[in-house]
Amino acid sequence: MWGPDYPVRTVRLALRPWRPEDLEVYVAIRTDPEVARHIPGHPLTREESMEWFAQAGSEIKKVGQALSLVIERLEDATIVGMVGLYWRNDVHRQAEIGFILLPPFFGQGFATEASAALLELAFGGLGAHRVFAVLDASNRASEKVCQRLGMRREGLHVGAYVDGDTWVDSLTYALVEDEWRTSLATSGG
């Protein structure tokens, strides 16, 4: 069983588990068509959102589990989005990261800052060897986040999943522990 000490703080943000009083913000994130346009199978219904909220985890006990965390702005405790760290494989020590922001907070560097903290949790705490992100290939903003994190583009997957009646291409970006440690050393982090 593994989970970090909460909240996980960055310069401008706190990452923390969801609280019961956050339910309406969670539902707003998961049901908003603008937020969900690059997420397969979304937007969710209110009922589906509430089911996911009930399962949001703050520790990882086994493969397939995830940390699902609030991104909260430190200056005023406003929830700006959410991040996830998913433990995908014990043997190969693989983890996946994901991030979702509310539209008013797009383009302010919050996804990059929060995701950098997830990389620290994955490599520094969970013991991951490789961390990857899978993106809708048309989501240029998320692709730029991955690039700013030092992740490398590993592949384009044509027709990777169906969303409604449309086949969607996806991109995979990844980083291995040695690359992450080298980037920390060169950046002074």
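Between residue 139 and residue 63, the contour length at 0.36 nm per residue exceeds the alpha carbon distance by 24.6 nm. Rounded to the nearest 0.05, what FRET efficiency do residue 106 and residue 11 give with R0 = 22 Å and r taken as the Cβ-Cβ distance? Could you check? Calculated transfer efficiency: 0.75. Spacing of the modelled spin labels on residue 147 and residue 39, each 7 Å from Cα toward Cβ, amounts to 2.5 nm. Between residue 169 and residue 52, the distance separating the two model label sites (each 7 Å from Cα on the Cα→Cβ line) works out to 2.5 nm. Students often get this wrong, so try it: which of (i) -0.71, -0.80, -1.14; (ii) -0.67, -0.79, -1.37; (iii) -0.97, -1.04, -1.35 is log10 I(q)/I(0) by the Debye sum over Cα atoms at q = 0.13, 0.14, 0.18 Å⁻¹ as calculated from the structure shown? Read-out from the structure maps to (ii). Magnitude of the charge dipole for the chain, about its Cα centre and with charges confined to Cβ atoms of Lys, Arg (+1) and Asp, Glu (-1), is about 500 debye.
Each helix, a run of at least 4 DSSP H residues, gives -39500 (n - 2.57); summed and divided by the residues of the chain, these come to -8000 deg cm²/dmol at 222 nm.
Values in this text are rule-based calculations from the coordinates and carry no lab data. All values derive from a computational prediction rather than experimental measurement. Note that we place each Cβ from the backbone using ideal geometry, even for glycine, and neighbour counts take in every protein chain shown.
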